[in-house]
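Note sheet for the following structure.
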Amino acid sequence: MESMPPRINLPAVPLPDAAAAPSRAPLLPERSDFLEGDAPAAARVEAFLAHALEATGSDAPTTAGALVPWICDALLSNHSVKAYGRDLMDFLRQMQAQGVTPLEVTADHVRLYKRALLEAGLTSATVARRLSVLRGTYRQLAAKGLVSWETAQDIAAVKAPEVQKNSTPSLTEKQAIRLLEAIPSDTLQGIRDLALMSVFFLTGCRVSAVVAACVGHLETDGVEHYLHVTEKRNKKRRKILLDAARPVLAYVSRAGIGEDKEGPLFRPMKPNGSGVERRHLDRKTPWRLVKKYCRAAGIDPDRLGGRGIGIHSLRKTAINDAIRNGATMHEVREFAGHADIRTTEVYFVRKEEDAEVAARRIHIRVTGRKGE
């Protein structure tokens with residue numbers, strides 16, 4: 001049987017009959033074909049869940065089938081589907097180690113799982129996300145009659161740890177410029193990295209949108225250059241490149257990929273550094289590069305904002321810089337692609353001097369009284 005990850009020490013909840021847990025086959029390995037794919041279809045999601053649930057001794061096809069419609073409807077991005085799969089499988093592994101099948105889970109199991117995650121050092125945001133996955137899962141199982149509504153409601157009532165909003169750190173304008181200046185411009189990798197970082201800072205795009213872009217997504221109207229990206233919920237957007245156009249075009253020319261319209265725009269380097277491979281960058285690569293160039297610029301990426309650089313730090317930097325330089329909240333909402341302006345407001349880092357700026361914009365002034 002596959003053992004639990006050593007960092008998680010989950011207290012056991014006794015089985016109702018106090019019987020020893022039966023020996024069970026291991027669940028799927030954490031890294032499976034499903035998690036490696038870029039386009040999981042409904043059939044693939046169902047096959048993955050059914051295979052994983054076979055080890056639980058429950059009616060795997062029925063349980064998996066109950067979850068697939070909800071997963072495919074609520075989780076529109078492939079990354080979200082993969083993250084859901086990882087979170088659900090982690091919980092099922094913990095339950096399997098106790099001999100508890102998915103349909104035998106109670107709110108007490110979830111409470112102890114939450115405590116084990118927190119004691120293992122996972123962030124409040126990560127724990128809250130995993131609990132959200134379990135709430136949704138058991139709500140769907142209850143809707144299909146596989147568990148009782150009372151069980152689903154008890155699991156939904158397990159309180160998630162408080163998550164601090166707006167906790168992702170961002171760079172100041174001066175720090176962002178220092179980061180760009182720290183990138184070497186005499187190598188292909190440096191030219192690529194400068195283009196990549198410039199696109200993030202000038203477009204405010206999410207990481208997944210930038211790394212998924214292809215060469216043919218570049219466009220010009222003869223004056224400005226644009227990059228077509230696919231954002232969250234499959235929204236197609238055209239982002240103006242402005243000053244990022246020069247390093248992007250220099251990278252495309254130096255890499256010799258200008259005619260490969262269907263190929264990836266930003267590509268990993270070959271092991272020998274002689275060129276680039278024809279595949280997309282991993283979505284974690286930009287995060288690693290930001291940390292690398294922060295250190296080169298004299299910025300500690302592990303202490304920035306008290307928690308360290310995050311995957312959304314460049315996006316948050318772009319949003320804040322636009323607001324600080326006079327863009328209205330409505331303009332930035334459109335720039336960021338937020339459906340609700342309240343999301344844009346959460347991204348904005350407020351400072352004490354903002355009150356003074358607001359006060360100076362008030363034009364209520366006594367210019368002189370009659371007769372004085």
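The values are calculated or read from the model by the stated rules, or taken from the named source; none is laboratory data. Since we're looking at a predicted model, the values are computed, not measured. Every residue, glycine as well, gets a Cβ built from its backbone with ideal geometry; the counts of neighbours run over all protein chains shown. Please note that ligands, DNA and RNA were not included when accessible areas were found on the heavy atoms of the full protein model with its side chains. Shrake-Rupley method; radii C 1.70, N 1.55, O 1.52, S 1.80 Å.
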Do any of Lys144/Lys316; Lys82/Lys174; Lys159/Lys239; Lys159/Lys291; Lys82/Lys144; Lys114/Lys174 go past 31 Å between their Cα atoms, and which? Lys144/Lys316; Lys82/Lys174; Lys159/Lys239; Lys159/Lys291; Lys114/Lys174
Could you run the Karplus curve 6.51 cos²θ - 1.76 cosθ + 1.60 with θ = phi - 60° over segment 199-216 and give me ³J(HN,Hα) per residue in whole Hz, x for Gly and Pro? 4, 4, 5, 8, 10, x, 6, 5, 4, 4, 5, 6, 5, 8, 5, 10, 4, x
Can you compute 3J(HN,Hα) from phi for each residue in segment 107-120, using the Karplus curve 6.51 cos²θ - 1.76 cosθ + 1.60 with θ = phi - 60°, rounded to whole Hz and x for Gly and Pro? 4, 5, 4, 5, 4, 5, 4, 4, 4, 5, 5, 5, 5, 7
Multiply the residue gap between Glu345 and Arg324 by 0.36 nm, knock off their C-alpha separation, and tell me the result in nm, one decimal place. 6.3 nm
Identify, among Leu196, Leu281, Leu218, the residue whose Cα sits farthest towards the positive end of the charge dipole of segment 185-306, taking +1 on the Cβ of Lys and Arg and -1 on the Cβ of Asp and Glu, with the dipole about the Cα centre. Leu281
Long-range amide H partners of Lys239 with built H, under 5 Å: Leu227, His228, Val229
Let me cross-check Glu173: its accessible surface, 1.4 Å probe, with only protein heavy atoms counted, in Å² to the nearest 10? 90 Å²
Segment 255-338: GluC sites (Glu not before Pro) in DSSP loop, at most 16 other beta carbons within 10 Å: Glu259, Glu262, Glu277
Would you list His280, His338 from the most to the least accessible area, probe 1.4 Å? His280, His338
What distance in nm separates the two pseudo spin-label positions at Asp186 and Trp149, each 7 Å out from Cα along the beta-carbon direction? 7.2 nm
Would you work out which of Ile341, His330, Tyr293 lies farthest towards the positive end of the dipole of segment 277-343, given +1 charges on the beta-carbon of Lys and Arg and -1 on that of Asp and Glu, about the Cα centre? Tyr293
Residues whose modelled amide H sits under 5 Å from the amide H of Gly275, counting only those 5 or more places away in sequence or on another chain, are Lys270
In 5 Å bins starting at 0, how do the alpha-carbon pair distances of segment 285-337 split up by percent? 5, 19, 24, 19, 14, 15, 5, 0
How large is Rg over Rh for segment 195-291, taking Rg from the Cα atoms and Rh as the Kirkwood inverse mean of 1/r across Cα pairs? 0.94
Residues with beta-carbon under 14 Å from that of Asp108, excluding Asp108: net charge, scoring Lys, Arg +1 and Asp, Glu -1? +1
Taking amide H atoms as placed 1.01 Å from N in the peptide plane, list the residues 5 or more away in sequence, or in a different chain, whose amide H sits under 5 Å from that of Val147. Ala142
Once fully extended, how much extra length lies between Lys232 and Ala125, figured as 0.36 nm per residue of separation less the alpha-carbon to alpha-carbon distance? 36.5 nm
Shape metrics for segment 260-300, restricted to C-alpha atoms - Rg then Dmax, Å: 12.7, 38
